[in-house]
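J.: Mind looking over this structure? Questions follow.
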Amino acid sequence: MSKLNLSRRTILRGLGTAMALPMLDAMGSTSARAVSGTVAAPKRAAFLFIPNGVIMDAWHGKGEGASYQLSETLEPIAPLRDDILVLAGLTADKARANGDGAGDHARNSAAFLTASQPKKTGGKDIQAGISVDQAIAQKIGSQTRLPSLELGTDPGRNVGECDSGYSCAYSSNISWKSPTTPMAKEINPRLVFERLFGTESDRQAARERAKRDLYRKSILDFVSEDAKRLNGQLGASDTRKMDEYFTSVREIELRLAKAMAETETPWTPDYKRPDGVPGDFKEHLRLMADMIALAFQGDLTRVSTFMYAQAGSNKPYRGIGVNEGHHSLSHHNHDQQKVAALKKIDTFHMEQYVYLVNRLKSIKEGDGTLLDNCMVMYGSGISEGYRHQHDDLPILLAGKGGGAFTPGRRVVYPKNTPLANLFLHIMETMGAAQDRFGDSNGRLSGLAV
Amino acid sequence: MPATAWYIEQSGRTFGPYTTDQVCTMVATGRLRPDDLVRKQGYLEWSKVSTMAELAGALTAKPAGKTPPPAPGRSAAEPRTMSADGQPVGDPGKTQAPAARTPVESNQSKVEAAPDRPSFRKRFLPVLVMSNILCLGVLVAVATYMAMTGGSRDGGGDAKVIPVVDDTPKAPTYETDVQPLLAKYCYTCHNAEKHKAGLALDKYTTEASIARGRKTWLGVVSMLDKHEMPPEEKPQPTNEERKFLVDWITAAADKLDCNGPINPGRVTIRRLNRVEYRNTVRDLVGIDYELTEDFPADDVGYGYDNIGDVLSISPLLMERYLAAAEEITNRIFSDRLPAAVDKGGTRYDGDRLSVSSGVDEAGGGAKGLSSSGEVRAEHEVKREGEYVIHIEAWGDRGDGVWPNMAVSIDGKHQQDFEVNVRRNEAKTFDLKTTLSAGKHRIAAAFTNDYYNPNHPDRRERDRNLYISYIAVDGPTNVRPPAAAAADNGATKSPFDRLMIAYPSNGTKDEQGNLVGIVTVDEAARLVIAQLATRAFRRPATDDEVQRVVDFVKLAIEQGDTYERGIQLAAQAVLVSPHFLFRVEQDRAPDDPKHPIAGYTLDDYELASRLSYFIYSSMPDDELIAAASRGELGTDAQIEAQVRRMLADPRSQALVQNFGGQWLQTRNVASVSPDPKKFDWDEDLRKSMVTETLKLFESVMRDDASVLRFLDADYTFLNERLAKHYGIDRPQGTPSDEFVKVSLIDTPRRGVLSQASILTITSDPNRTSPVKRGKWVMEQILGTPPPPPPGNAPPLPEEVDGKPITGTLRERMEKHLQNATCRSCHERMDPLGLAFEHFDAVGRWRDIDGGSPIDASGQLPDGREFNNAAELVQLLMADKDLFVRNLSEQMLTYAIGRGPEYYDKCAVDKMMRQVADSDYRFSSLVLAIATSDPFRKRTAKDVTDE
């Protein structure tokens, strides 16, 4: 693996003036500053989730290495072929029943990034595992304004059981801050934008900022103290809730402290503030992709997750002429019309992925592009939706991760290779190396040549 | 003949229906024991197995613990020991015939004489015929099985025991059947001496001790069941022994003595969910903070979004709370002063003013009043509230007296103003008043004319009034109707409600002493004590108040005002965990001898439970007052409050939040039926939700029987829905009003044939009888089908080499040709197919896919129906199932945790109370509010073990 070492000067030359500030800022404040005056551009990782698996017959490409043949569903990536790795044979074993019976959809999302068996419960003692994005955020999250960014599109207003005895917390979240705390996702692009770049009123109040920040800090101090005092009086399950509260407050405190120490005006992109959740699904997915690109561009966060829809989603895709619900379709029973409709959905999702990858590629960073420093994983914890299988998952990874990955190839791994093995490689690239993660049994090989 | 349907009760849950045959198998194999409760369909009472004549044979046949008990619901799928015509294999003469038959079981001929019915019936036939001979077949099967496995209780040589030889009914006991197995496989390591993994299983010497050590034993069961214990290298129990131990221990561990101390459960502290937060802020400070929609969605557990364990806090949510607190307090303080006129007010000047006679133009659009008369503005108020009327005026003084301007509204005098400024100093005279919605005439009149051309001072000869405009600004205190109603019309603004004290430098009294000094600290304490006490829903302690008051001092140190300090302090209160969480303090158990029975919540905590249950909001003043007087301790006191609260408009929250989640109408928001295929638009989407909630509301407001949810022969329709249903509404009713309409001559009854429920249980482009059937089992009967087995095969493409074709119904019938599918689908599918006359958006249809619809069917127990309305009648026969389910659902919602095995006793009691009160809605709410799980909590360090 080769690290992309750039001099400060190189970076400045490569970036527009608008970009210079945050990058300088990041360099100045992060551990990215390397010995002898060179710095490595920060790496970023995004994890994208699609529900209900895919039609695997149309997904599988042929061959291995750089000369592999693109499959029907992967056709949209043709122009980006050299930027994407196609990984076959990876498995999410913890999405399997392993004695817990039905509930493959809830498990597929809960296990996707945690590589841990979610506890089967309708609500009491929910437990999965810390997810890869959060494990990374815990290590490097303090270097950016937001430690991580969790995005989605579904309001998650489902009522009732979400899947065969599993709480909805499992099917509406892929990111878990701790084994018992899912990270709520943001679905409104306007609110994401405001988290990243502030609200209109934040700008108006700029003069008053110092005092406001002081007040905010005093309130945070006050409530952490409250939480601490309260904690002593509570039992175990209550304490867990207080811990969630306390860590959330703490995270905001850190962010505020960093903002108070900042002397530069924060970077604002030349981008129209989104109005809110658009009616069109494609537009929604693209706005959210823009948010990831902007956050990465401004180095406001380095880790993001994005659920295209929640696990087991039964959304129809009218925009592309699919009127039946996605989940119902996935039980297609080899009905050719249904299979065709599913392929349309798979292709549609792929096009949205391509949109994000293109966005990242269009942004210059250093001598290359932002994409060069990214790892954008795309996939599902279910392979063939029809059978609820969790092996040979459809997984793509775009970007070079600063040189840790050699895209433009298809790599086939032995059956039942844990997906978590890929996570180990991503984690190390991100500067958050671990020996083990979830059900990993070794670092995935063959990612760089 | 139709079989009898049986229900069984285990672990506080109801299972079934089962055929007699299935129940017999369970009895014969020890899965059901003599003391277990069973209930026959059509009977209200639960009875012990040992008292049921039909099952006596099976009881006596108890074949020791070596037979694999069938899992509920799976056993009778394959009539192994039957010949095709239903005769038992073997010699029935050797088996004791059961004593009694119920009358409903004697018309076999009727069933068999109906060969013209579709093939649907046939698949049930083996089951029906088996039931005919009650337990005989099973006994033979069990005996055969035992013979094959060589099992017998004594493990002696006479292995081929014929069950009936045993003439004393004998269930397996801990001492004789279980302990020997434990000794053989477990005690070697898990004994008092070695206690490997901290387990000394041999110290459990009685069956009752298993229940006391429930948690431990369920752990043991789990290890056994997953084949994780005994360890590989140790002797292994046979599969039959393993299954027997798992089933027997599970049952023993879950056994409850309702007369003994019962665990009331421990509700995890609950964060306010989005709805509760918005309502609480509304009731606390009078601001309707609608941006809770921007909070991340609350996760759902057990079907509800108010479950303590799944209501987590993420940094994202915490950010939103902080922002909300800033915004809410900003609103409180910005409401204090009228916004600038040009912002939201309406200004009438020039030709927009009307005038009475005698009023002249005074230049620049101003009006001059020289002798009398008035200037008027007609203003329409959209929302009732507090408004400020500004009138810009000036005057000419006459004889040393300024002109008097009398302001009236709708002819009613309001206030006199001395207009004491000349033209170049013209200013506005302001009047604060409450205006109701509608048109108002605001008038300013000149009432003290003076004219004396001989006055010595030229400038004092003519008194005149000039008015340049009238402006109306406001409302300054917009509050949602609910909050206004809650206040009994009190019109205090959020600001006035909060700011009950100000610091003061004092005034001099007659003796010249300075009196009435109020320090910042004193004033702030008064304000904060009131706010924090209401926000924390209990008296705030001195220390808590002081810590918040420190914010006021901080603001003043920073050069801000007292008011800004209070605003900051209020912000802190709104993000304190004491506000965001409903904290219940830990206490010692009521009875130290029975710590498991928990402790009783204090009155403030109970007040919060009551108000969040019924209002989804903080306790109102009356409830808090009752708590402070200690008047929530008895059933009667709780009842008084509950009845009062149910009558309050805020109980609408129970309709919206419980009704909307139990009946899942909230899901209507996210369905997307194909508008090309179905009559669908956004108006219909909204209307169908309202219909269902209206029915819920009417049952609550009229205190009707909860059974009306099932079988109401009336509903509430607006024009859009009436058209959708093809039902006439009374003439002359506004099209958007929901009016009560009779359903007597229609095929619709209760919630099940309402468009909302029919739509949420459909796919976007077709109905889904499976989803509908599952919905009935889950939300109505509370007997959810087990989840499909892992990798459940889809409907087979072909059967016996022939491809399956045909209507949805015909295709679905293939479910029943596969034993795996049949065990569940034979219950789900008929329940769903009964509603096939209603399309995927609940509209009536006669034909689907070119074929006429057949909505008839038969339940697995043999009861038949022709359509949805008849099915509803059959469900009514199972009304105690429905009521039990509704009780459990509402209890879950009320206490914010999932049902546990130990809730059974409480739910049993609720069922009796509700039945005794003719199933009235209020009786259910009362039964819950006075139950132990609602009023008590397990102490923190007490668990089952």
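J.: Just how many % of Cα pairs in the stretch B:558-631 lie over 21 Å apart, if you round to the nearest whole percent?
T.: Everything past 21 Å amounts to 49 percent.
J.: May I ask you to derive the relative contact order of the stretch A:267-403, considering only C-alpha pairs under 8 Å and at least 6 residues apart, and to give it as an integer percent? Walk me through the numbers before you get to the answer.
T.: Details: 146 pairs, mean separation 23.6, N = 137.
After rounding, I find 17 percent.
J.: In square angstrom, rounded to the nearest 10, how much accessible surface does residue B:940 have for a 1.4 Å probe?
T.: Solvent-accessible area, nearest 10 Å²: 70 Å².
J.: Kindly report the accessible area of the stretch B:656-730 per residue (heavy atoms of protein chains, probe 1.4 Å, no ligands, DNA or RNA), in Å². Kindly include the intermediate steps, with their values, before the conclusion.
T.: Details: 2700 Å² over 75 residues.
With all protein chains present, the stretch B:656-730 gives 36 Å² per residue.
J.: Peptides A:98-110, A:185-197: what's the order by average Cβ count within 10 Å, highest mean first? Numbers along the way, then the final one.
T.: On the way: A:98-110: 24.7, A:185-197: 21.5.
Order by mean packing, descending: A:98-110, A:185-197.
J.: Return the inverse of the average 1/r over all pairs of distinct C-alpha atoms in the stretch B:182-223, which is the Kirkwood hydrodynamic radius, in Å to one decimal. Display every interim value, and only then the final one.
T.: Numbers: mean 1/r = 0.0969 Å⁻¹.
Its Kirkwood hydrodynamic radius stands at 10.3 Å.
J.: While we're here: Taking chain A as a Gaussian network, where each spring joins two C-alpha atoms under 10 Å apart, which residue of A:77, A:219, A:130 fluctuates the most?
T.: Residue with maximal mean-square fluctuation among A:77, A:219, A:130: A:219.
J.: Work out the mean other chain Cβ neighbour count within 10 Å for the residues of A:219-231 and drop it here as an integer.
T.: Working: counts 12, 4, 1, 10, 12, 1, 2, 9, 4, 1, 5, 7, 1.
Going residue by residue through A:219-231 and averaging, the value is 5.
J.: Ordered by residue, what ³J(HN,Hα) values in Hz, to whole numbers, does the stretch A:44-56 give under the Karplus form 6.51 cos²θ - 1.76 cosθ + 1.60, where θ = phi - 60° and Gly and Pro are x?
T.: 10, 10, 10, 10, 10, 10, 10, x, 6, x, 9, 7, 5
J.: Normalising by the residue count of the stretch B:263-375, find the relative contact order in percent from Cα pairs under 8 Å and 6+ residues apart.
T.: Details: 98 pairs, mean separation 19.5, N = 113.
Dividing the mean separation by the residue count of the stretch B:263-375 yields 17 percent.
J.: Right, something else. Taking the alpha-carbon distance from residue B:427 and a cut-off under 21 Å, which lysines remain once sequence neighbours fewer than 8 residues away in the same chain are dropped?
T.: Excluding near neighbours in sequence, the set is B:343, B:367.
J.: Can I ask one more? List the residues, sorted by chain then number, that are 5 or more residues from residue B:434 or on another chain and whose placed amide H is less than 5 Å from its amide H.
T.: B:387
J.: Once you sort the root eigenvalues of the Cα gyration tensor of the stretch B:729-776 as a ≥ b ≥ c, which label holds: rounded (a/c under 1.5), prolate (a/b larger than b/c) or oblate (the other case)?
T.: Because a/c hits 1.5 or more and a/b exceeds b/c, the stretch B:729-776 counts as prolate.
J.: How do the peptides B:547-560, B:259-272, B:586-599 rank, highest first, by the average count of neighbouring beta carbon atoms within 10 Å per residue? Kindly include the intermediate steps, with their values, before the conclusion.
T.: On the way: B:547-560: 18.5, B:259-272: 20.9, B:586-599: 15.7.
Top of the packing list down: B:259-272, B:547-560, B:586-599.
J.: Please compute, for peptide A:245-252, the average count of beta-carbon atoms on other protein chains lying within 10 Å of each residue's beta-carbon.
T.: Details: counts 10, 3, 4, 9, 7, 2, 5, 6.
For this peptide, the per-residue mean of nearby foreign Cβ atoms is 6.
J.: Here's another thing I want to ask about it. From the cross-link list A:228/A:258; B:686/B:909; B:694/B:879, which pairs have alpha carbons spaced over 26 Å apart?
T.: Working: A:228/A:258 23 Å; B:686/B:909 38 Å; B:694/B:879 22 Å.
Table pairs above 26 Å Cα-Cα are B:686/B:909.
J.: Here is a further query. May I ask which of A:344/B:676; A:119/B:194; A:241/B:936; B:492/B:553; A:124/A:177 have a Cα-Cα span longer than 25 Å here?
T.: Working: A:344/B:676 20 Å; A:119/B:194 31 Å; A:241/B:936 20 Å; B:492/B:553 27 Å; A:124/A:177 18 Å.
Too far apart for the 25 Å limit: A:119/B:194; B:492/B:553.
J.: Next up: With heavy atoms of protein chains only and a 1.4 Å probe, what residues of the stretch B:214-229 have at least 10 Å² less accessible area in the full set of chains than alone?
T.: Residues meeting the cut-off: B:226.
J.: Less than 20 Å apart at the alpha-carbon level, and either on another chain or at least 8 residues along: which aspartates and glutamates does that give for residue A:415?
T.: Partners within reach: A:57, A:64, A:93, A:104, A:384, A:391, A:392, A:439.
J.: While we're here: Averaged across the residues of A:114-125, what count of C-beta atoms belonging to other chains lies within 10 Å of each residue's C-beta?
T.: Details: counts 0, 0, 0, 0, 0, 0, 1, 5, 10, 16, 10, 3.
Neighbouring Cβ atoms belonging to other protein chains average 4 per residue here.
J.: Which distance in nm do the two modelled labels at residue B:173 and residue B:817 give, with both placed 7 Å along the Cα-to-Cβ direction?
T.: Computed distance between label sites residue B:173 and residue B:817 equals 5.2 nm.
J.: What's the total accessible area buried between chains B and A, using a 1.4 Å probe, rounded to the nearest 100 Å²?
T.: Working: alone 42250 and 19130 Å², together 55210 Å².
Between B and A, the summed buried area is about 6200 Å².
J.: Moving to a separate point now. Over the stretch B:313-457, what is the relative contact order in percent, taking alpha-carbon pairs closer than 8 angstrom and at least six residues apart?
T.: Values: 222 pairs, mean separation 35.2, N = 145.
That works out to 24 percent.
J.: Within a Cβ distance under 12 Å of residue A:73, other residues only, what is the Lys/Arg minus Asp/Glu net charge?
T.: Working: positive: A:343, A:344; negative: A:57, A:72, A:75, A:346, A:351.
With Lys, Arg at +1 and Asp, Glu at -1, the neighbours total -3.
J.: Going by accessible area, probe 1.4 Å, with all protein chains left in place, what is the ranking of A:112, B:417, largest first? Numbers along the way, then the final one.
T.: Working: A:112 0, B:417 25 Å².
If we order A:112, B:417 from most to least accessible, we get B:417, A:112.
The values are calculated or read from the model by the stated rules, or taken from the named source; none is laboratory data. Values in this document were obtained by computation on a predicted structure and should not be read as measured data. Every residue, glycine as well, gets a Cβ built from its backbone with ideal geometry; the counts of neighbours run over all protein chains shown. The protein model used for the area step is the full one, side chains on, heavy atoms only, and it has no ligands, DNA or RNA in it. Shrake-Rupley method; radii C 1.70, N 1.55, O 1.52, S 1.80 Å.
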